[in-house]
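What follows is a short report on a single structure.
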Amino acid sequence: MKICIIGTGYVGLVSGACFADLGNLVWCVDNNEEKIELLNNGEVPFFEPGLEELVNKNFSSNRLKFTSNLKLAVSNSDIIFICVGTPTSKKSHSADLSNVFQVASKITKHINKFKIIVTKSTVPVTTGDKIEQLISKKKRKGLFEVISNPEFLREGEAIRDFRFPDRIIIGSNNKKVTKKLRSLYDPLIKKGAEFFSTNRRGAELIKYAANAFLATKISYINELANLCEKTGVNIEDVSLGIGSDKRIGSRFLRAGPAYGGSCFPKDTRAVTVTGDLFKTDLSIIKSVIKSNEKRRILLTERVKKILSNKIKNKKIAFLGVTFKPNTDDMRESSSLLMIPFLLKRGAIISYYDPSGEKKEFSKLINLSFCHNVYDACKNVDLVIIHTEWEEFKALDFKKLYKKKKFKIYDMRNLYSAEVMKKKGFKYYSIGR
Ligand code: UGA
């Protein structure tokens with residue numbers, strides 16, 4: 001099939017490369033010409049395991065093309081995926097849809113024959129209706145169909161999630177179009193992905209419902225971890241104990257820092273705005289948002305406590321600062337609050353992250369980036385394991401200890417508390 005993908009962020013670029021790999025002809029469009037130039041030179045503008053190889057493989061075989069020329073891409077495609085960002089609006093907690101509507105109105109000009117326009121961007125329920133109204137002003141009904149096909153891939157696991165999704169959801173009010181989209185996804189359905197179709201609004205809401213539910217699971221286990229710390233119970237036993245009940249499910253029950261990233265925080269906020277708009281109080285999701293905000297502060301307070309409330313001139317190492325491993329993404333990472341908070345109170349911080357130095361921290365004083373774990377941990381009072389990168393999972397603390405014994409705050413429970421204590425380390429973790 002001939003496909004046009006608009007927006008070359010995580011969702012757009014991964015979907016484009018994976019659709020091309022399934023044998024389709026894919027045009028990826030972005031109005032950022034620098035990004036297009038990079039991609040045409042074989043470079044991927046962000047870090048995602050395996051993506052550069054996949055992009056280059058399909059680029060070389062001419063199935064994947066990059067351009068800033070929307071007209072060229074739209075007029076040569078049958079299916080157009082809108083994959084632009086929908087960040088939190090600057091004025092409120094709602095999703096900023098300006099990119100989506102801008103793209104929709106630009107596409108309109110180039111609709112020369114029947115086109116299926118698909119929103120893959122996460123958009124509030126009724127956005128598809130608005131896109132349809134917008135295009136209808138210039139093009140007759142029957143020349144296009146607007147549908148929703150939310151994406152559920154995770155950063156860091158994006159290619160695998162695209163290739164082996166649990167489910168594919170198409171939201172469309174037109175059966176013929178649903179069938180066409182189903183045939184695009186046929187290779188994935190044959191490998192075991194469930195296919196589910198609903199109306200357009202249904203698919204839009206499913207995306208938010210999924211993210212808000214996962215965020216709820218995480219906040220739920222995080223709050224229980226607080227209780228475990230006070231009652232001498234191991235949170236991992238609780239996760240196992242409840243997760244083995246199939247009605248609950250074991251995934252997304254890992255306690256840790258506040259959840260972050262470009263999706264859960266923004267989508268939980270946006271869906272409560274939609275709820276308010278439709279006079280429906282999504283009180284559970286609202287309290288999840290509050291609980292997550294509190295968690296950032298709570299864990300920072302815990303750091304203070306571990307250092308006996310004396311932060312001034314204390315040397316702290318952060319291992320990992322991204323919101324999760326296998327990504328260079330810093331959006332809504334709890335380290336963005338913790339590090340400045342501790343610096344303000346006089347701490348001297350070194351950090352190491354396998355995805356490199358962070359521009360978000362470039363203006364902070366008394367903060368330095370180190371190129372490896374060993375340099376970051378030299379002469380520190382406290383080591384904080386903030387992100388669960390593979391290389392932090394089997395550290396030789398005895399070797400790291402050589403010059404000075406430090407405390408360890410493992411925010412991802414990478415080590416056994418019992419073993420660490422037996423070995424004589426001053427070890428603190430989450431919910432145990
Ligand atoms: C999330 C969803 O998992 C994807 O299904 C969805 O497609 C995506 O948002 C999106 O809407 O585009 P992502 O933000 O990439 O994906 O990352 P996750 O792996 O879900 O992690 C989000 C946050 O939850 C991270 O801060 C992570 O550390 C935290 N988390 C996750 C936990 O604290 N505990 C867990 O058990 C799982």
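The values are calculated or read from the model by the stated rules, or taken from the named source; none is laboratory data. This structure is a prediction, so every number in the text was calculated from the model and none was measured. Here the Cβ positions follow ideal geometry from the backbone for every residue, glycine too, while neighbour counts run over all protein chains shown. We work out accessible area using only protein heavy atoms, side chains counted, and drop any ligands, DNA or RNA first. Shrake-Rupley method; radii C 1.70, N 1.55, O 1.52, S 1.80 Å.
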If I ask for residues that are closer than 24 Å to residue 278 by Cβ and small (Gly, Ala, Ser), which ones from segment 186-223 would you list? 197, 202, 203, 209, 210, 212, 215, 219
Residue 121 - would you say it is within 25 Å of residue 72 (Cβ to Cβ) and within 16 Å of the ligand (Cβ to nearest atom)? yes
Filter segment 44-66 down to residues that are more than 20 Å from residue 85 (Cβ to Cβ) and not in a strand (DSSP E or B), then give me how many there are. 13
Among the numbered criteria (1) of a type in the set (A, V, I, L, M); (2) closer than 16 Å to residue 183 by Cα; (3) in contact with a Gly (Cβ under 8 Å, 6 or more places away or on another chain), which single criterion is violated by residue 25? (3)
Subset of segment 100-138 [of a type in the set (Lys, Arg) and closer than 13 Å to residue 86 by Cα]: 120
So, of the residues in segment 25-83 that are farther than 29 Å from residue 145 by Cβ and of a type in the set (Ser, Thr, Tyr), which turns out to be least open to solvent (accessible area, probe 1.4 Å)? 61
Residues of segment 204-261 satisfying the condition of being more than 18 Å from the chain's Cα centre (by Cα) and either within 12 Å of the ligand (Cβ to nearest atom) or at positive phi (or both): 220, 221, 222, 225, 232, 235, 236, 239, 243, 249, 250
Does residue 38 satisfy the condition of being touching a residue at least 12 places away in the same chain (Cβ under 8 Å) and assigned by TED's automatic domain parsing to the domain that holds residue 151? no
Tally of residues being assigned to a loop (DSSP other than H, G, I, E, B), of a type in the set (A, V, I, L, M) and within 16 Å of the ligand (Cβ to nearest atom) across segment 375-432: 3
Only residues that are within 15 Å of the ligand (Cβ to nearest atom) and surrounded by 22 or more Cβ atoms within 10 Å (Cβ to Cβ): list them for segment 266-279, please. 266, 267, 268, 270, 271
Among (1) among the hydrophobic types (A, V, I, L, M, F, W, C); (2) open to solvent by 10 Å² or more (accessible area, probe 1.4 Å); (3) closer than 20 Å to residue 301 by Cβ, the one test that residue 365 misses: (3)
